[in-house]
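Report on the following structure.
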């Protein structure tokens, strides 16, 4: 792409930004796009030895960074500075329009104090974007997705595209371990759709907390396709999985083992499994397992013994229109399965 083409792209994005609202998801996406385009322009200008153009583009970047972090707000004065800077880049002259923003950039703080503490590690621009999304009524979610190196190039772009259909991606943090790539994705959404990984990982964190409290060494594994859930089903599933995972940790695993959360998709139904490789369940207890008050624990503790958890899980799933069943083989495994019927294709 030539220098002129890049300038045209910058100009086009500025016009789209002018036509969008001063805030909102679309505006933030355009600001990010403009920032990336200007950054690429700076690199291209430097590569061609156009030092003054590169310096002007760097100042443009500074202004855009201040906008993305909430240190200045998008108004007519800022948009005029964008236009004047684009003209300066096109004419290959220095842009004085940027200098008048240097002082406010130093003085105006970003408004992100309302962010929950768990998002404190976000970068400045990410915190500002997340706080803006919260003010607009969206919720923040965290999803951790693991890919094999061999299928990363195919799966990650697909996941990202699906997320962007119903959500605003706030941050993407990759981590490499052996032959696997793990991404932590923070996204904001006001949609009635919740990503399945968000629900599964809430259950995983509950399991980890229970394992820590009971001093058990447990590996937690998630195996799932990428798909979305209606919010009412996501809420029911979150509640049920909380009980099932805690049950697996407390009753299924004696000292160390594995708990796997997995999904299975078919035309007729979506199934969610919580499987442990622990002690299994006495066949005589299986018919009683979901009865109110029934418990295999010999005494009441903070995590079990009152016979409430499995009854609550089944009640929650049934109220959402699903079923909860269990299969077990003593000494080998226990697997709880939640079945969510899929709407008929004829409906």
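Yes/no per residue for (1) modelled with pLDDT under 90; (2) over 20 Å from residue 259 (Cβ atoms); (3) within 31 Å of the chain's Cα centre (by Cα):
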position: 303; (1), (2), (3): yes, no, yes
position: 317; (1), (2), (3): no, no, yes
position: 323; (1), (2), (3): no, yes, yes
position: 326; (1), (2), (3): no, no, yes
position: 331; (1), (2), (3): no, no, no
position: 335; (1), (2), (3): no, no, yes
position: 338; (1), (2), (3): no, no, yes
position: 342; (1), (2), (3): yes, yes, yes
position: 346; (1), (2), (3): yes, yes, no
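Applying the selection to the stretch 1-20, what residues are closer than 16 Å to residue 39 by Cα, part of a helix (DSSP H, G or I) and more than 29 Å from the chain's Cα centre (by Cα)? First the steps, then the outcome.
The first filter runs over the stretch 1-20 and keeps only residues closer than 16 Å to residue 39 by Cα, leaving 1-14.
Those left that are additionally part of a helix (DSSP H, G or I): 3-14.
Answer for the stretch 1-20, where residues must be closer than 16 Å to residue 39 by Cα, part of a helix (DSSP H, G or I) and more than 29 Å from the chain's Cα centre (by Cα): 3, 4, 5, 6, 7, 8, 9, 10, 11, 12.
Give the stretch 73-89 a look and list any residue that's more than 16 Å from residue 35 (Cβ to Cβ) and part of a helix (DSSP H, G or I), or say none. Across the stretch 73-89, the qualifying residues are 76, 77, 80, 83, 84, 87, 88.
Out of all the residues in the stretch 162-209, which are more than 29 Å from residue 133 (Cβ to Cβ), in contact with a strand residue (DSSP E or B) (Cβ under 8 Å, 6 or more places away or on another chain) and assigned to a loop (DSSP other than H, G, I, E, B)? Within the stretch 162-209, just 179 meets the criteria.
Quick check: is even one residue across the stretch 32-40 in a helix (DSSP H, G or I) and either farther than 30 Å from residue 135 by Cβ or assigned by TED's automatic domain parsing to the domain that holds residue 140 (or both)? Among the residues of the stretch 32-40, at least one is in a helix (DSSP H, G or I) and either farther than 30 Å from residue 135 by Cβ or assigned by TED's automatic domain parsing to the domain that holds residue 140 (or both), which makes the answer yes. Looking only at the stretch 5-22, residues that are out of contact with any helix residue (DSSP H, G or I) (no Cβ under 6 Å at 6 or more places or on another chain) and touching a residue at least 12 places away in the same chain (Cβ under 8 Å) come to 1 in all.
I'd like to know if the stretch 210-223 contains one or more residues that are assigned to a helix (DSSP H, G or I), surrounded by 20 or more Cβ atoms within 10 Å (Cβ to Cβ), in contact with a helix residue (DSSP H, G or I) (Cβ under 9 Å, 6 or more places away or on another chain) and at pLDDT 90 or above. It would help to see each step written out before you state the result.
Pass one, the stretch 210-223, residues assigned to a helix (DSSP H, G or I): 210-214.
Among the residues that remain, those that are also surrounded by 20 or more Cβ atoms within 10 Å (Cβ to Cβ) are: 210-211.
Still in the running and in contact with a helix residue (DSSP H, G or I) (Cβ under 9 Å, 6 or more places away or on another chain): 210-211.
Filter again for at pLDDT 90 or above, leaving 210-211.
Scanning the stretch 210-223 turns up at least one residue that is assigned to a helix (DSSP H, G or I), surrounded by 20 or more Cβ atoms within 10 Å (Cβ to Cβ), in contact with a helix residue (DSSP H, G or I) (Cβ under 9 Å, 6 or more places away or on another chain) and at pLDDT 90 or above.
The values are calculated or read from the model by the stated rules, or taken from the named source; none is laboratory data. This one's a predicted model, so the numbers in the text were calculated from it and none came from an experiment. Please note: Cβ atoms are built from the backbone with ideal geometry, for glycine as well, and neighbour counts cover all protein chains shown.
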